[in-house]
Structures are given as structure tokens and as C-alpha cells.
Amino acid sequence: MYLEHFGLREAPFRITPHTDFFFPGAERKATLEALIYATTHDEGIVKVSGEVGSGKTMLCRMLLETLPETVTTVYFANPLLSHDEILDTLAEELGMALPEKRPRRLLRTIQDRLIDLYAEGRQVVVMVDEAHAMPRETLEEIRLLSNLESKRHKLLHIVLFGQPELDERLLEPAMRPLKERITHNFALSPLYRDDIGEYLMFRLRRAGYHGPDIFTPDAISLISRASEGLTRRINILADKALLSAFSENKHMIHARQIKAAIEDAQFNPMGGPVLFEKWLAGAFIAFLVAIVFSLAYFRNESPSSAPPGNASSSGISASRRPPSPLPGGASDAAPSAGMPLEFRRHAPENRKSEAISTPALEERIAATDKWLMSTPDSHFFIQLFSAGANNRRAVELFLEQARALDQPHIRVYRSKLSGHERYGVIYGDYPSLEAAKADFGSLESAYSLYQPYIRSVAKLR
């Protein structure tokens with residue numbers, strides 16, 4: 001109804017998942033990349049949890065569309081399938097003729113089919129949507145399917161998508177065998193207010209809108225509070241607000257239209273700030289895993305491989321500096337086989353032979369406090385990573401992956417920003433901005449997904 005009024009070619013805020021409208025911000029793209037790697041390279045079960053309307057099904061559809069062509073996917077949309085129906089559906093999706101004596105021979109027949117697919121160089125990924133609603137017997141069947149393997153490899157990769165109730169069910173004693181097979185846990189966090197503004201305009205432009213921002217700051221604040229950051233609620237409120245503005249012949253969305261939409265929607269509270277904190281913790285871990293997995297994916301290395309680079313007292317040591325990608329700085333060293341060119345340039349030599357010391361997190365924080373007391377405000381450093389105070393483990397994992405950097409020049413600080421305590425991981429001590437820029441290129445390549453940047457000591461203080 002309002003499409004022509006706003007210059008749209010299609011409805012921008014449909015609540016049904018449409019992969020053309022997948023929002024890459026708020027760590028969604030990073031989570032997807034981590035899922036792709038975990039699904040195709042790891043041998044355990046992967047779990048994705050999130051509140052109602054947080055975007056789990058959209059993420060599932062994106063995973064279905066973006067997995068490599070060598071992957072055969074099986075999608076279970078109905079969580080109420082019985083034990084036998086799970087096997088029947090899996091067999092049908094794999095193009096199998098069902099054996100006469102079922103179910104005794106069915107599982108063996110499925111295993112034989114999976115072995116044939118594995119021999120052809122294909123992987124099979126089973127995605128289970130709404131896994132929190134599955135009967136216990138069906139979840140047990142999922143666990144048994146994860147046991148299907150050849151002599152050396154799992155034949156099935158399984159991804160469970162579910163609401164937080166899935167996490168609660170996995171705490172039950174009877175669910176322990178399944179829980180212990182889950183090797184990666186991802187959580188979809190609600191969107192922050194700034195994310196919501198970007199999300200709204202992203203959807204509008206995907207739908208053909210070419211004008212200026214139409215949601216006022218007051219309108220975005222109201223949407224943020226009423227939706228609690230859940231994308232389905234954001235879509236519902238935005239759609240109602242556009243309709244209200246159209247009925248008033250307005251082209252801007254103000255607080256008035258949002259208040260009317262909120263009154264009409266009649267949402268029940270989902271948990272307020274507690275919900276944000278709960279899922280924010282999982283989001284940081286998911287994003288950290290995305291960094292590690294994506295780097296390993298593009299390098300054709302294992303996730304335990306550390307990112308390139310080493311440092312001297314003011315940056316990366318000249319004796320261990322990666323070959324320069326800049327004109328006039330070409331290296332004669334042969335690139336590492338199997339790496340894309342942009343990563344071959346930075347492949348460190350003799351990494352395995354290096355003895356690397358990794359101080360404990362509290363030791364690093366204490367050392368950083370001392371460093372701050374004696375370092376001039378005019379000095380610079382490179383910000384590599386940050387996480388909320390409730391994500392100490394995320395920081396520790398990041399430091400583990402950064403072991404190839406000179407350890408004395410990796411620092412960790414703890415600070416409060418806008419009342420929220422956070423950890424930060426920084427690198428180097430540069431007397432000038434130019435000195436920091438000289439080393440920034442190599443680190444930016446290694447940590448590009450997290451968008452490192454140069455900061456001054458004065459700003460940190």
C-alpha cells in the first residue's frame with residue numbers, strides 16, 4: 001500500500017526470512033562465516049541459540065545458500081518429527097530407496113549412502129530448526145546420527161537452531177551425552193540502538209529506497225526500547241510506522257508513528273536489559289570464533305594457526321617482519337602454497353620453531369596499567385580487539401590466537417565506557433602516528449574482520 005509513496009519496489013519489513021534482506025551488521029556476517037567454517041571443518045555438533053524473532057531462521061537460510069557446492073544439505077523444519085520420521089526424512093533427502101525391513105536396516109543403509117557421498121568428496125550437513133521443541137527421543141536420535149563415521153571422519157555434520165530453552169534442556173542429566181558432543185555454541189544477540197538505525201535503512205535500500213534517512217532519532221529510540229533489539233519486532237513496528245506515515249501523507253517517521261505502532265503491536269516484555277546482556281556475551285564469543293575460523297579458512301590452515309606478525313619495542317621486528325606488499329618492498333621469499341595472494345605476502349617463516357611465552361590475563365592488565373603510567377600521551381598503539389567484561393574467555397581465546405606476535409607488546413586493559421566495563425587488547429608502543437602506520441598494514445590484514453585501528457594513549461586514558 002505504501003510502496004509507491006516511499007519509492008519502494010517491494011515490502012522492506014516482511015517478517016518471513018528473505019535472504020536478500022540478510023543484514024550483515026551487528027556481527028551477523030561474522031557469525032555466518034564462523035558457522036560456515038565450523039560446519040564444514042569441525043567434527044562436532046554446532047548449536048545456534050537466540051530469542052524468538054532474533055533471526056535464527058534467517059541465519060539458517062543463509063547458511064543453506066552459502067555453503068560450498070560440495071555440501072549436501074538436509075533441513076528439518078518440523079521439530080515434532082518422531083524417531084522413525086527423522087530417519088525416513090534423512091533417507092529421502094539423500095535420494096535413497098527405503099529398505100523393506102525398517103527401521104532395523106535403515107540406519108545401516110543411511111550409513112552406506114553417507115560413505116558413498118564421502119568417497120565422492122561430498123559432505124552432508126543436517127540443519128535442525130526449532131530444536132528446542134524436539135521430543136527427547138528425537139534429540140537422542142540426532143545424537144546417534146552424529147556417531148555415524150568412517151574410519152577417520154564424521155559422515156554427518158549437524159547444526160541445531162533453537163531458542164534459549166534448548167540450552168536449558170541440554171542441562172538435564174539425560175541430555176548430557178548430546179551436550180558433550182556440541183563443540184561450538186553461537187548466540188544471536190539483540191541489536192543495539194545504533195545497529196537498529198543501520199538495520200532499518202539497510203532494509204529500506206534493499207527494497208529500492210534511494211532517499212535520505214526517514215527514521216528520526218526519537219523514532220529509533222522508541223523502536224529500540226519496544227523491540228528489545230529483536231529483528232522480527234523491529235520489522236513489525238517499522239512496517240506499521242510506514243503505513244501510518246503513508247496514511248498521514250508524511251515521508252518521515254517520527255515518534256508519533258512509532259508510538260501508534262507500539263500500541264497496536266502489544267508486545268510482551270522479553271526481559272529488558274537482562275536479555276541484552278545475556279546474548280551479548282554469546283555474540284562476542286561468536287564473533288571471536290569468526291575471526292579465527294575465517295582467517296584459517298582463507299589460509300587453508302587449522303583454526304589453531306596464529307595470525308602473522310611479530311613486534312619490536314616500537315612495532316614489528318624488522319628481522320621478522322612479513323614481506324612488504326607495498327611497491328618497492330617486494331620480497332624474494334616464496335609464498336606459502338595454498339594461500340590466497342593477500343595472505344601469502346604476510347606468511348611468517350619458522351613459526352613452529354618459535355618459543356612463545358603467554359602471560360596470564362591479570363598479569364597483562366597489571367603490566368598495561370604500569371605502561372600507561374609511564375607512557376606519554378603523544379604515543380600511539382593499535383587496537384586489535386575488545387569485549388565486554390563478562391567475556392573474559394573470549395579475550396583469553398583471542399590472546400591464544402595472537403601468540404605469533406611479540407608477547408611483551410600485546411597489552412590488555414580494562415576500562416569503563418558509558419558505564420559498561422570492557423576489556424581491550426592492544427598492540428605496540430609507537431612514538432608517532434607515522435610509526436604506527438608503518439606496522440598497521442600487516443596487522444590490519446591479519447585482523448581485518450575485526451577492523452583494527454590506531455589510537456593514541458591520550459584517548460585510552
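The values are calculated or read from the model by the stated rules, or taken from the named source; none is laboratory data. Just so it is clear, the model here is predicted, and its values are computed rather than measured. Don't worry about glycine lacking a Cβ; one is built from the backbone with ideal geometry, like all the others, and counts go over all protein chains shown.
Would you mind listing the helices (runs of 4 or more DSSP H) fully within segment 69-148 where at least 3 residues are over 24 Å from Met58 (Cα atoms) and not assigned by TED's automatic domain parsing to the domain that holds Met58? Outline the logic, then answer.
On the way: elements: 83-93, 106-119, 136-145.
Correct list: empty, since no element meets the threshold.
Taking segment 116-130 as the search range and keeping residues that are aliphatic (A, V, I, L, M) and out of contact with any Ser or Thr (no Cβ under 6 Å at 6 or more places or on another chain), which one is nearest to Ser146 (Cα to Cα)? Only one residue tops the list, namely Val126. Residue count for segment 183-199 under the criterion of being surrounded by fewer than 21 Cβ atoms within 10 Å (Cβ to Cβ), in contact with a strand residue (DSSP E or B) (Cβ under 8 Å, 6 or more places away or on another chain) and at pLDDT below 90: the result is 3.
Go through Leu59, Leu35 for me and flag whichever is at pLDDT 90 or above and surrounded by 17 or more Cβ atoms within 10 Å (Cβ to Cβ). Explain how you work it out, then say what you get.
Numbers: Leu35 fails: at pLDDT 90 or above.
Answer to the check: Leu59.
Here Pro164 meets each of (1) in contact (Cβ under 8 Å) with a residue 60 or more places away in the chain; (2) within 23 Å of Ile36 (Cβ to Cβ) with one exception, condition (2). When the strands (runs of 3 or more DSSP E) confined to segment 369-439 are screened for residues that are within 18 Å of Lys459 (Cα to Cα) and among the charged types (D, E, K, R), those reaching at least 3 such residues are found at 410-417, 420-430.
With respect to the conditions (1) closer than 22 Å to Thr109 by Cβ; (2) assigned to a helix (DSSP H, G or I), Leu166 falls short on a single one, namely (1).
Listed by first and then second residue, the pairs with beta-carbon distance under 8 Å, at least 6 apart or on different chains, first residue in segment 429-452 and more than 25 Å from Ala367 (Cα to Cα) and at pLDDT 75 or above, second surrounded by fewer than 21 Cβ atoms within 10 Å (Cβ to Cβ) and of a type in the set (A, V, I, L, M), are Gly441/Leu326.
Of the residues making up segment 92-109, those that are modelled with pLDDT under 85, surrounded by 12 or more Cβ atoms within 10 Å (Cβ to Cβ) and of a type outside the set (D, E, K, R) are Met96, Leu98, Pro99, Pro103, Leu106, Leu107, Thr109.
Residues that are assigned to a loop (DSSP other than H, G, I, E, B), of a type in the set (S, T, N, Q) and either surrounded by fewer than 18 Cβ atoms within 10 Å (Cβ to Cβ) or not assigned by TED's automatic domain parsing to the domain that holds Arg143 (or both): does segment 13-32 have at least one? There is at least one residue in segment 13-32 that is assigned to a loop (DSSP other than H, G, I, E, B), of a type in the set (S, T, N, Q) and either surrounded by fewer than 18 Cβ atoms within 10 Å (Cβ to Cβ) or not assigned by TED's automatic domain parsing to the domain that holds Arg143 (or both).
Search segment 380-398 for residues being of a type outside the set (Ser, Thr, Tyr) and within 28 Å of Glu434 (Cβ to Cβ), and hand back the single one that is modelled with the lowest pLDDT.
Going through segment 380-398, the residues of a type outside the set (Ser, Thr, Tyr) turn out to be 380-385, 387-398.
Then drop every residue that is not within 28 Å of Glu434 (Cβ to Cβ), which leaves 380-385, 398.
Values: Phe380: 93, Phe381: 93, Ile382: 92, Gln383: 89, Leu384: 87, Phe385: 82, Phe398: 79.
Among those residues, the one meeting the criterion is Phe398.
For Glu349, the criteria (1) modelled with pLDDT of 85 or more; (2) assigned to a loop (DSSP other than H, G, I, E, B); (3) out of contact with any helix residue (DSSP H, G or I) (no Cβ under 9 Å at 6 or more places or on another chain) hold in every case but one, which is (1).
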